[in-house]
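*Asks:* Here it is, the structure in full.
The values are calculated or read from the model by the stated rules, or taken from the named source; none is laboratory data. Keep in mind that this is a model prediction, so the values were computed, not measured. All Cβ positions, glycine included, derive from the backbone under ideal geometry; neighbour counts span all protein chains shown. Just the protein is used for accessible areas: all its heavy atoms, side chains included, with ligands, DNA and RNA removed. Shrake-Rupley method; radii C 1.70, N 1.55, O 1.52, S 1.80 Å.
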Amino acid sequence: MLEQNQDDFNVVAAAHGYLDRILSGISGMKALVLDSELTGITSMAYSQSNLLQQNVVLTTRVEKLRSDTEIMSHLKCVVLLRPIRSNLDLLRAELRNNPKYGEYHIFFSNTLPVDLLQQLAQADERQLVKQVQEAFVDFYPVSKNLFSLNIENSLRFSTTRARWSRGEEMKYQRAVKGLASVLLAFKCNPTQIRYQSKSNTSMNFAREIRHFIDSEKELFEFRGRPPTLLLILDRRDDPITPLLTQWTYQAMVHELFCIHNNRVDLRKQNTSSSPRNPDTEQIVLSESNDQFFAEHMYSNFGDLGEAIKGLLDSYQKLAKSNRQISTVEDMQKFVDSYPEFKKFANNVSKHVALMGELAHLVDSHRLLDISQLEQELSCIRDHSNQLEEVRRKVQDSTVDANDALRLVLLYALRYESHPNNQIRQLKHLLLQKGLSQLQVNLIDSILDYAGEKKRAGDLYGESSLISKSLKMATRAVKGVS
């Protein structure tokens, strides 16, 4: 979490700005070469029309350089890669063996070790590389105030570091460098780095960030920037929030369908029985390119329905006016406005389709009923009644298995130390419901990770969860100078 003036931080604008400066600084027709991560990052910050405006006529992956044999010396190659050895090996092979482009402009999304730079220079025997620079866009810009690093299974970072595999160590370093890239993109050198005092994971991560900043002092010399606080929180102090059913637009879509790099794939979803429009099977949800989504991404489900109804009404009025063509002037106006009208129509179809899918799942999974019990487990201590209700839901064949598991997880967190808790019995009922042993073992895993003895303070109390969390966060932080 970065604390500064809100207007100073726009993750999408930062990534977009880097791509703008990279591409606009190179004249002529260009080919853009990306690795798998930068392909996703670029797609979230830069549209296809943006690329065309910058004279990018070809986009390809670095892995395909070896298999593509066509010589295109008339194109200037812009390379944007993460500075990892596998990417460098592919790039070196391209330069040494059979360069396809007239010249190469190479950009790395994070700091490049000197030894890798030397190896790259040695491979450029034909002197086709015109520049090598660092462009700090090593993060996925989800929205203007949210970024991700797309690191899976990061829960392993909470275990003893000596038990990590080589792959897990690489993921951890990816997290450190990813956050450092965000700091550099915003030209921030944190005056304070604070972390939760009871979390060894937060403490070690804070020290890694401070070490990176100290080792790259020249990069972090920014004049005239306001003081910045970097606050590192550990999810274990609030394991409840991620287990609750979400009721705002963006969160619901991600929870029920998964948003990956601002894209939603509905092709594998077996939801509503009505036939689905092929144009709405793969949907892009981007705050920067979709005004309706930007305005309603945090709207609750009820308000969202009203907003989509208003959007549909606006479209119907516009469609009706476009049918009233009686003169040549009307025809000209229609032709001029058609691209915008088509874009509006596609946007309406997209949100209506998503709302229909969400409404179907809310009804078929009985999420309103499930959510009520989740809130009671989170906010009210009533063991006997809640145990009976959880047991009833688990045994109900109409309740989805994942929803039943979430209820038991919430019960286990709430009543872990209750003398009469029935966690073992609920595990058995989950197995009878058809869940695998691996899924049921998540109950022990969450208690081991974020149980009562592992959290910084008492998550449950008389005050609300939010105010309680704020109080805990305020008093349970340390700093790295």
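*Asks:* One quarter of the convex hull surface, Cα atoms only: what value does that give for the stretch 39-93 in nm²?
*Replies:* Details: hull surface 17.6 nm².
Its average projected convex-hull area is 4.4 nm².
*Asks:* Over the stretch 1-111, average the accessible area per residue using a 1.4 Å probe and give it in Å², no decimals.
*Replies:* Numbers: 4900 Å² over 111 residues.
Value for the stretch 1-111: 44 Å² per residue.
*Asks:* When the chain is fully extended, how far beyond the present Cα-Cα distance does Ala401 get from Ile84, taking 0.36 nm per residue of separation? Can you show the working numbers first?
*Replies:* Details: separation 317, 0.36 × 317 = 114.12 nm, distance 4.08 nm.
Contour length minus Cα-Cα distance gives 110.0 nm.
*Asks:* Follow-up question, since we're still on this one. Can you figure out the FRET efficiency of Asn441 with Asp68, using R₀ = 35 Å and their beta-carbon distance, to the nearest 0.05? Write out the running numbers ahead of the final one.
*Replies:* Details: r = 46 Å, r/R0 = 1.33.
Rounded to the nearest 0.05, the efficiency is 0.15.
*Asks:* Still on this model: Averaged per residue, what accessible surface does the stretch 341-431 expose to a 1.4 Å probe, in Å²? Working shown, then result.
*Replies:* Values: 4120 Å² over 91 residues.
Value for the stretch 341-431: 45 Å² per residue.
*Asks:* Per-residue HN-Hα couplings for the stretch 46-51, Karplus 6.51 cos²θ - 1.76 cosθ + 1.60 at θ = phi - 60°, whole Hz, x for Gly and Pro?
*Replies:* 9, 7, 4, 5, 4, 5
*Asks:* Another question about this same structure. Points 7 angstrom from Cα along the Cβ direction at Glu295 and Gln375: gap in nanometres?
*Replies:* That separation, rounded to one decimal, is 2.7 nm.
*Asks:* While we're looking at this one, here's another question. Using the reciprocal of the averaged 1/r over all distinct C-alpha pairs, how large is the Kirkwood radius of the stretch 344-413 in Å? Spell out each step's value before the answer.
*Replies:* Working: mean 1/r = 0.0738 Å⁻¹.
Here the Kirkwood hydrodynamic radius works out to 13.5 Å.
*Asks:* How large a share of the accessible area of the chain, in percent, is made up of carbon and sulfur atoms when the probe is 1.4 Å and the other protein chains stay in place?
*Replies:* Working: 12640 of 25520 Å².
With neighbouring chains kept in place, the figure for the chain is 50 percent.
*Asks:* As a test of the formula, what do you get for the chain when each DSSP H run with n ≥ 4 contributes -39,500 (n - 2.57) and the sum is divided by the residue count, at 222 nm and rounded to the nearest 500 deg cm²/dmol? Mind showing how you got there, number by number?
*Replies:* Working: 17 runs with 239 residues, N = 481.
That comes out to -16000 deg cm²/dmol.
*Asks:* Same structure, new question: Please state the shape class of the stretch 124-193: rounded when a/c is under 1.5, otherwise prolate if a/b exceeds b/c and oblate if not, all from the C-alpha gyration tensor.
*Replies:* Because a/c hits 1.5 or more and a/b fails to exceed b/c, the stretch 124-193 counts as oblate.
*Asks:* Can you compute the FRET efficiency between Arg96 and Asn420 using 1/(1 + (r/R0)^6), with r the Cβ-Cβ distance and R0 = 51 Å? Round to the nearest 0.05. Walk me through the numbers before you get to the answer.
*Replies:* On the way: r = 71 Å, r/R0 = 1.39.
About 0.10, to the nearest 0.05.
*Asks:* How many nm separate the modelled label positions at Thr191 and Ser27, each set 7 Å beyond the Cα in the direction of the Cβ?
*Replies:* 4.5
*Asks:* With no solvent and one equal point scatterer per Cα, compute the Debye intensity ratio I(q)/I(0) for the chain at 0.07, 0.09, 0.11, 0.12 Å⁻¹ and report its log10, rounded to two decimals.
*Replies:* Those come out to -0.49, -0.80, -1.13, -1.27, one per q.
*Asks:* What number, in percent, do you get for the relative contact order of the chain if the mean sequence gap of Cα pairs under 8 Å and at least 6 apart is divided by its residue count? Can you show the working numbers first?
*Replies:* Numbers: 593 pairs, mean separation 66.6, N = 481.
About 14 percent, as a whole number.
*Asks:* How much net charge surrounds Leu52 when only other residues with a Cβ under 15 Å from its Cβ are counted (Lys, Arg +1; Asp, Glu -1)? Show your work: numbers first, answer last.
*Replies:* Working: positive: Lys30; negative: Asp20.
My count for the surroundings of Leu52 gives 0.
*Asks:* Fully extended, how many nm does the chain gain between Gln127 and Arg366 (0.36 nm per residue separation, minus their Cα-Cα distance)? Show your work: numbers first, answer last.
*Replies:* Values: separation 239, 0.36 × 239 = 86.04 nm, distance 6.45 nm.
Additional length available on full extension: 79.6 nm.
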